[in-house]
Amino acid sequence: MHISRYLVYAALALFAVFLLQNLSIVPVSFLVWTIELPRIVLLILTFMLGYLTASTMRLTRRPAQ
């Protein structure tokens with residue numbers, strides 16, 4: 001097996017451990033709304049929001065002259 005395949009397996013194993021450790025339900029409050037969702041969902045949504053924000057800022061930046 002190639003070393004890259006081992007790295008993929010290791011990353012998947014770490015992700016599985018991370019997933020299993022973050023299954024607890026947490027409340028999320030925003031203004032007058034409160035919802036409860038698993039912590040892993042909150043972490044993934046936060047990551048996606050940050051990624052979309054960075055991508056949007058990169059696209060709207062003016063080119064250097």
Qualifying position, being modelled with pLDDT of 90 or more and either hydroxyl-bearing (S, T, Y) or over 18 Å from the mean Cα position of the chain (by Cα) (or both), among T34, T60: T34
Filter result (charged (D, E, K, R) and in contact with a strand residue (DSSP E or B) (Cβ under 9 Å, 6 or more places away or on another chain)) within region 7-65: E36, R39
Subset of region 26-42 that is in a strand (DSSP E or B) and without any contact (Cβ under 8 Å) to a residue 12 or more places away in the chain - its residue that is farthest from F15 (Cα to Cα): W33
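The values are calculated or read from the model by the stated rules, or taken from the named source; none is laboratory data. What you see is a predicted model, and the numbers here were worked out from it, not measured in a lab. Methodologically, a virtual Cβ is constructed for each residue, glycine included, from the backbone with ideal geometry; neighbour enumeration extends over all protein chains shown.
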